[in-house]
Amino acid sequence: MTPFSNAPLAAVLLIAAVISFAILVTLLKTGWAWDIAVDIPNQRSLHHRPVPRVGGWGILPSALIIGALAAPSLRVVLLGAAILAVVSQIDDRRGLPARVRFLAHTVVTAAVVIGTAVDLPWWLGVLACIAIVWLVNLYNFMDGSNGLAGGMAVFGFGTYALAAAGAQPGLAVCAMAIAGAAIGFLLLNFEPARIFLGDVGSIPLGFLAGALGYWGWQHGAWPLWFPALAFAPFIADSTTTLLRRLSRGEKVWEAHRQHYYQRLVQMGATHVRVALIYYWLMLVGSAIALLALKLPVVAQWAMVACWYLMLALIGWRIDQRWTARER
């Protein structure tokens, strides 16, 4: 038995939140936060003043250490997240070409998929790599409004923890540690935001969403569809936006303000209101995911399809309001 392996999930949540919050407050009070990385507003930003991008510096140490102590079998996944955090910190400080970032995401993802596979056909492994790399990038795309990405971490990883508690307690503790660390970050990121997540936070969180989802599926914690439902609001928003931009021939790796959450802010909604709208979607999606686990397979997939249809209808309504505003 390892430390934290059988710890109550509520205690893990609290410990991770306290550690994360303490680290971030220390960075702010010492002024180190401003030396690590700062987000300067530009024409695509939704904020109007410089803000330190150090959220990942609080989330990752607490989440990864607790996760590594609770679940040795997950250390290869956690190591991958740590490697991506280092690459992302370099990107936050100096900037890296998109191809270099993408190569790092792909190599780390492939190593984790291969290293943790359980009798996986090669073609399914390729699809898993594509899905995880997409989650890495979409999480970064969705990190643009106060409280949004941190909230998705709380709900998404919290859902993982509840689902895995019976079959994979180490995975449950690891996921709950990430959710707790995100709460510590949210205390300083909710309106008015004193810090942002930054690439060092958003990239590893996206990777962990995909890699832990894949690991949980491979080791019997949940069905294949479960991660797609736990993180559905982010997946639906980013995938729709990506396809729309691709259809117009735009450079999808460049920053923009076309996501649904960005459009809501531009149409007059406050950051708090946008966050609360997405929190409601996250909560409902998490509840559906956990309830669906108790249903027959056909019913599970039907619920996944119905929830994504509902998200599509919500997006369609936002598009209608956006078009009317543009006119």
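The values are calculated or read from the model by the stated rules, or taken from the named source; none is laboratory data. Bear in mind that the values here come from a model prediction, so they are computed numbers and not experimental data. Don't worry about glycine lacking a Cβ; one is built from the backbone with ideal geometry, like all the others, and counts go over all protein chains shown.
Of the helices (runs of 4 or more DSSP H) lying entirely inside the stretch 15-114, the ones with 3 or more residues being in contact (Cβ under 8 Å) with a residue 24 or more places away in the chain are found at 55-70, 75-94.
Checking the structure you have, find out if any residue of the stretch 79-89 is within 29 Å of Pro192 (Cβ to Cβ), modelled with pLDDT under 95 and surrounded by fewer than 24 Cβ atoms within 10 Å (Cβ to Cβ). Yes: one or more hits. Contact map, the stretch 242-257: first residue modelled with pLDDT of 80 or more and surrounded by fewer than 13 Cβ atoms within 10 Å (Cβ to Cβ), second residue of a type in the set (S, T, N, Q) and not in a helix (DSSP H, G or I), Cβ cut-off under 8 Å, separation 6 or more or different chains; the map is empty.
Of the residues Leu212, Leu290, the single one that is touching a Pro at 6+ places or on another chain (Cβ under 9 Å) and either among the hydrophobic types (A, V, I, L, M, F, W, C) or more than 16 Å from Leu135 (Cα to Cα) (or both) is Leu212.
The helices (runs of 4 or more DSSP H) found entirely in the stretch 181-273 that carry 3 or more residues being among the aromatic types (Phe, Trp, Tyr) are 199-218.
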